[in-house]
Amino acid sequence: DLLVVGSANADLVIGLERRPGPGETVLGSDMVIHPGGKGANQAAAAARLGARTTLLARVGADAYGRMLAEAQRAAGADPAGLLMGAADAPGTVDSSGTGGAAEGEDAPTGVALITVDAAGDNSIVVSPGANARLTPDDVAAARDLFEAAAVVSLQLEIPLETVAAAARSAAEHGARVVLNPSPPARLPQDVLALCDPLVLNEHEARLLLADSQSPDSEPGQSPESDPGEWAGALLALGPRSVVVTLGAEGALVAGPGVGTAADSGTADGSGTVRVPSPRVRAVDTTGAGDAFTGALGWRLGRGDGLVEAVRYAVRVGALAVTRPGAQESYPSAADVEAADQE
Ligand code: ADP
């Protein structure tokens, strides 16, 4: 089974000509609401492919929370881990309606306010809401889910201490940890050492490598100059293995034994393999990385080798960009098969 521990958000999207300045009001398009959040997206992607998937996340006892639960069900995921309402009173509805919930009070479902301008550029405000209330206690209470999991997939849109508790619980229960450090943050070294793999895009890879540079290291020696060297440089930070996604270029894989198998693609001799992505016409890349990571976790849990699992995940990521939206764009296993025949 795949257990995803992470965020669930309602994405509220409004198109506009140009963004308002301070004090200004502009008119936008009709608002469109999508289920989102990295955790919910990854779980939906894996479940849609046929994986037995549970999402451990927290939403408010509100309409967006119900929408997210429904989206998990529709994708085929088990919604049992989706905690609703205040941490100390699961399932209760906040009657005060005052918002600005403090510790222990009911918090609303997390929201991403997204504006898309005429040039197609996004501006996003995230209000974490209930995501910020997913605690190490919630992880401890979900022991059964960790016991049942072959793979536990994590991202950083929930408190770092909760991520750390989940990674440690996964290790205790013999589950493999897949972690996407997004939004980028510094991980405890013991948590980093459990990541197998650490999955990140180019932007996240750059930030992590820049952050790890000592301030007095010589310019020009920065390891992030060549994407081919990134995976190796990231591996040196401590994770067991690394996958860097490169958009249309596919992904880089690095780890013990990678590049040694006869069928594992173009090895550069340093334990790094580049896996190309199928060529597609990209319509909307939102949530492609989450589809990739959800697919990767599922395949690893089924016993695929890392490169083999990445080969599958790039096909899922590529299909996800051919359709608009995030969760709505995720393919089934049959869709992946059908695309291979084309
Ligand atoms: P993120 O969405 O986190 O920025 P990427 O853009 O690297 O991540 O995309 C993740 C994966 O989705 C890629 O490894 C690839 O398989 C697929 N993908 C993304 N964009 C494209 C594209 N334009 N064409 C084909 N595949 C793509």
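The table for this structure:
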quantity: Tally, over the range 185-206, of residues that are in a helix (DSSP H, G or I) and either within 16 Å of the ligand (Cβ to nearest atom) or in contact with a Cys (Cβ under 8 Å, 6 or more places away or on another chain) (or both); calculated: 5
quantity: Selection within the range 146-184 - under 24 Å from Gly317 (Cβ atoms) and either without any contact (Cβ under 8 Å) to a residue 24 or more places away in the chain or within 16 Å of the ligand (Cβ to nearest atom) (or both); calculated: Ser153, Leu154, Gln155, Leu156, Glu157, Val178, Leu179, Asn180, Pro181, Ser182, Pro183, Pro184
quantity: Enumeration of residues in the range 307-324 that are touching a Ser or Thr at 6+ places or on another chain (Cβ under 7 Å) and crowded, with 17+ Cβ neighbours inside 10 Å; calculated: Val307, Val314, Gly317, Ala318, Ala320, Val321
quantity: Qualifying position, being over 14 Å from Asn9 (Cβ atoms), modelled with pLDDT of 95 or more and outside any strand (DSSP E or B), among Ala80, Ala74, Ala40, Ala69; calculated: Ala74
quantity: Elements of type helices (runs of 4 or more DSSP H) in the range 276-342, at least 2 residues being under 17 Å from the mean Cα position of the chain (by Cα); calculated: 288-301, 306-320
quantity: Filtered residues of the range 1-39 (kept if free of Cβ contacts under 8 Å to residues at least 60 places away in the same chain, surrounded by 12 or more Cβ atoms within 10 Å (Cβ to Cβ) and of a type in the set (A, V, I, L, M, F, W, C)); calculated: Val26, Val32, Ile33
quantity: The range 286-342, residues that are touching a Leu at 6+ places or on another chain (Cβ under 7 Å), near the ligand (Cβ under 8 Å from one of its atoms) and at pLDDT below 95; calculated: none
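The values are calculated or read from the model by the stated rules, or taken from the named source; none is laboratory data. Predicted, not measured: the structure shown is a model, and the values here were computed from it. Positions of Cβ are generated from backbone atoms using ideal geometry, with glycine treated the same way; all protein chains shown enter the neighbour counts.
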